[in-house]
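Structure record follows, encoded as structure tokens.
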Amino acid sequence: MTGPTGNHVTNIRWQHYTGIFLLSVATLLLELALTRVLSVANWYHFGFLVVSTALLGFGASGVTLSLWTRLREEMPLDRALAYLALLFGFVTLASFCLMQRIPFQPFRLLLDRWQFAYMLLYYLVLAAPFFCSGLAISLLLTRGGREVNRLYAADLVGAGLGCAAVCVVMPVFGGSGSIAVAAVVGVLAALAFSSFRLSKLTLFGAVAAAGMLALAFMGERVLPISVIPDKLLHPLIPVGRSPIYTKWNSFSKIDVYDAPALDEARPDPGFRSIIIDGGTAGTGMDDLSMGVRSYLANAKEYHPAGVAYVGKEHPKVLIIGSGAGREVLEGLYFGASSITAVEINPITNDIVTKRMREHWGGLFEQPEVQLVTEDGRSFVRRSKEKYDAIISVNTMSGAALTSGALTFSETYILTREAFEDYWNHLTPNGTLLVTGYNVAKLFATTRELFDHLGLGSPANHLFAFRGLGASFGRVRLMPGFLLQKSPLHPEEVNVLAKRIGIGSNEDWGGAEHPEIWYSPFDSPRSEYQVILTDLVKSPNLERIYASASSYLRPATDDRPFFHQTERWSSPRLGFRSVLSAGQDKYGLPVAEVTLAVLLIQAVVIAGVMILLPLARYGRQGLRGSGRWAFLTYFAALGSGFILIEIVLLQRLSLFLGQPIYTFSVVLASLLIFTGVGSYSANRIQNASRNTLSWFLLAVVGAILLTLFVMPTVLSMTLGLSFPLRIAVAVLLVAPLGVLLGVPFPTGLRLVGEVAPPLVPWAWGVNGFFTVIGSVGAMILGMALGFTAVLVIAAACYAAALIAIRTCPAPEMDVHRYLRVSEEVEASQNCA
């Protein structure tokens, strides 16, 4: 039959559904694999660059298709799709190789003029494979006619399975190998588009796929990831040494080194370090191969501070983020009767309990120790136990601090609600110890907790310091925060002072020295001590927030950005300081500037590549009826969908407790059920404004219902087993996903019947505004909270409803389309 979007006769067959499915699997697998690879090669928050650049590549493909008339309307569809999918496979490998050789360092943009050229090249290289796949998918949807719903359903289901596939592919093939696997699946899509029939293209594609698959098994050796020099400066990475073991999962890369990096970082030459994401974070352990009990009895250099154990005999301990087990060893040293060690990364736990068990001397097999693989906060919320000490020591590293990644990272272990969970799980004399963070913000969080619970003033329950905290050797002094459920006594504070190093004859070798920042029994002397005292004693907390030079308001589960130090309105949010920081990035608003730059970039490119061409070609005859209403409609859909996606990921991450499952379950479920909705919408015989209006109204209602129902459901079901929690998450996502699957493909059908030349424009606009929405979601989440983001998503779909009501009706075009279709079918029957 003849599609309403062009003059070329298009018959949608099985190979089109199979091809678009495989190409979507490849595209999402590539996007997620690149996100992880870039987090290793650069810093965590630049992994977000991949998502934005991928969507820009998709948007650019829509613009290209709208201008490339011959490809859009005249070229044989199957041949064009096969070549584009094949090109995707080869461009994927080529762009990854080239990306490793571009010396792009974003923190040196204003120090090195070449960095601007490197940045542009970096963006173009990243976007290239997504441009190829986007061009193929948009071409097929443009030619799809009334089958666009089913095609879009296959696209979404493939995308969902691509998200789930990363959890299987990444551990087996690693970062570079996963890129090669994505290329293989792209080539398979090319073979599907060509119906797997015997031809030169099929033979070439089969040979290419086999070669790429072989390359995937050797990816880490043949295509090594180039890590920026800044990350290799981590003190636990030995200079000139290679890791003795490397393992990937869907959210991290782990390297193990069998030698110390700095003498002052360890007292024993057998020290072994575990490095996360190429240097973003690190942990380590002394040589315990002699046995844990023997080590504790004979290691004369081992003198842990034991701040959390003052006044406690045989305590019951919970450690959040146990890592290599240094706090576990410390707990055994101080006679803990029970130690529950919670570590989120299964690779780390496998290393310390199985793969390298001998080095750890059976540390985690001691009768007092229980190791749990889960997010610490999620574990606490479901726990029925009471603890004498809850400990979180440097769960974010100094490397992350200097990169600025902490500002951008969400952490649910330091929110106001988290502190309430900890408080409810402490014994009457229990202690919460947190080190390595913004102590003033921890004080503000405690003050709001006490106000919320009606407990009076927390002044006598707090102790803050800079002092000893780590267990091994001479390390830098760390900031520490201690909250005790019962009021502190002077003799306890005296013991604490001694344990953090006060009064020691040690030569600290620098300007810093052990110091008490807050004690219930001391008067403040420095400006910082005055701030801490005011936070716990002042009757007007809002006045302190307003007058403070940094952002002190506590993080919440709705706004979990504890490490955000600057307000968005702050004059200190300067681009120049960040983009010329070089290696000295500590304390700068890196993440905020990164998000702002990404947003500006997206808006500028969207304007240049959409609005200007639209205006120009509109004057030359591209005057589709109701074009501005249609483009507004697809812009609203793009923004609204990505806002919902990000909020669901945030809300359910705490509920499920493991990022490896959160991402795959939530995102895959959302995309697959959106595909189900798109497929079901194919039953709509005639796309109309009224049909879409009712569905859009249902989407707005479903968003608002989710907003009110989800917190209650998650709270009531948090104690369920993990498989049941996965089922709850899927059931929460499914209804909204099905409804979200209707507006986009049905809108494409409506555009195809009213203004066919606008179909690729709709694809491009949707992609570009998805980019803007993805960046905007993080900015809005940090500034307003994710509840507000979900309300804004509902407003986007309401705007789409208003836009579609102003679009022209398609009835006359539908009659013309049916008449032409009947004529073509009749001519085919005669032939």
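The values are calculated or read from the model by the stated rules, or taken from the named source; none is laboratory data. This is a predicted model, so every value here is computed, not measured. A quick note on method: Cβ atoms are made from the backbone with ideal geometry, for glycine too, and the neighbour counts reach across all protein chains shown. The accessibility values were calculated without ligands, DNA or RNA, using every heavy atom of the protein model including side chains. Shrake-Rupley method; radii C 1.70, N 1.55, O 1.52, S 1.80 Å.
Restrict the check to region 675-689 and report whether at least one residue is touching a Leu at 6+ places or on another chain (Cβ under 9 Å), within 16 Å of residue 740 (Cβ to Cβ) and among the charged types (D, E, K, R). Scanning region 675-689, I find no residue that is touching a Leu at 6+ places or on another chain (Cβ under 9 Å), within 16 Å of residue 740 (Cβ to Cβ) and among the charged types (D, E, K, R), so the answer is no. Based on this model, can you work out whether residue 740 counts as more than 24 Å from the chain's Cα centre (by Cα) and either under 25 Å from residue 153 (Cα atoms) or buried (at least 24 other Cβ atoms within 10 Å of the Cβ) (or both)? In short, no.
Of the helices (runs of 4 or more DSSP H) that lie entirely inside region 29-131, those containing 3 or more residues that are surrounded by fewer than 21 Cβ atoms within 10 Å (Cβ to Cβ) and modelled with pLDDT of 75 or more span 69-73, 77-99. Filter region 236-249 down to residues that are open to solvent by less than 70 Å² (accessible area, probe 1.4 Å) and free of Cβ contacts under 8 Å to residues at least 60 places away in the same chain and give me whichever is nearest to residue 284 (Cα to Cα). This residue is 236.
With the structure loaded, tell me whether residue 274 is surrounded by 23 or more Cβ atoms within 10 Å (Cβ to Cβ), modelled with pLDDT of 85 or more and β-branched (Val, Ile, Thr) or whether it fails that test. When the stated conditions are applied, residue 274 passes them. Listed by position, the helices (runs of 4 or more DSSP H) contained in region 525-637 that have at least 1 residues being surrounded by fewer than 16 Cβ atoms within 10 Å (Cβ to Cβ) and at pLDDT below 65 are 575-579, 612-619. Considering region 452-467, the residues that are in contact (Cβ under 8 Å) with a residue 60 or more places away in the chain and out of contact with any strand residue (DSSP E or B) (no Cβ under 8 Å at 6 or more places or on another chain) include one that is surrounded by the fewest Cβ atoms within 10 Å (Cβ to Cβ), namely 457. For beta carbons closer than 8 Å, sequence separation of 6+ or different chains, a first residue in region 766-786 that is among the aliphatic types (A, V, I, L, M) and a second that is not in a helix (DSSP H, G or I), the qualifying pairs are 779/568; 782/559; 782/561; 782/564; 782/568; 783/568; 784/559.
Only a single criterion out of (1) outside any helix (DSSP H, G or I); (2) over 21 Å from the mean Cα position of the chain (by Cα) is not satisfied by residue 208, namely (1).
Cβ-Cβ contacts under 9 Å between residues 6 or more apart (or on different chains), taken from a first residue in region 487-501 that is assigned to a loop (DSSP other than H, G, I, E, B) to a second residue that is β-branched (Val, Ile, Thr) and at pLDDT below 95, are listed as 500/307; 500/516. For residue 385, the requirement of being of a type outside the set (A, V, I, L, M, F, W, C) and modelled with pLDDT of 85 or more is met. Checked against the criterion of being open to solvent by 10 Å² or more (accessible area, probe 1.4 Å), modelled with pLDDT of 85 or more and more than 25 Å from the chain's Cα centre (by Cα), region 222-230 contains one or more residues that satisfy it. Modelled with pLDDT of 85 or more, polar (S, T, N, Q) and either in contact with a strand residue (DSSP E or B) (Cβ under 7 Å, 6 or more places away or on another chain) or open to solvent by 10 Å² or more (accessible area, probe 1.4 Å) (or both) - does that describe any residue in region 196-204? The answer is yes, given that some residue of region 196-204 is modelled with pLDDT of 85 or more, polar (S, T, N, Q) and either in contact with a strand residue (DSSP E or B) (Cβ under 7 Å, 6 or more places away or on another chain) or open to solvent by 10 Å² or more (accessible area, probe 1.4 Å) (or both).
The helices (runs of 4 or more DSSP H) located wholly in region 313-383 that include 3 or more residues which are touching a Gly at 6+ places or on another chain (Cβ under 8 Å) occupy 326-333, 376-382.
In region 719-773, what count of residues is obtained for those that are among the hydrophobic types (A, V, I, L, M, F, W, C) and closer than 23 Å to residue 704 by Cα? Qualifying residue count for the region: 17.
Applying the condition of being open to solvent by less than 20 Å² (accessible area, probe 1.4 Å) and either part of a loop (DSSP other than H, G, I, E, B) or free of Cβ contacts under 8 Å to residues at least 24 places away in the same chain (or both) to region 292-312 and asking which residue is farthest from residue 491 (Cα to Cα) yields 302.
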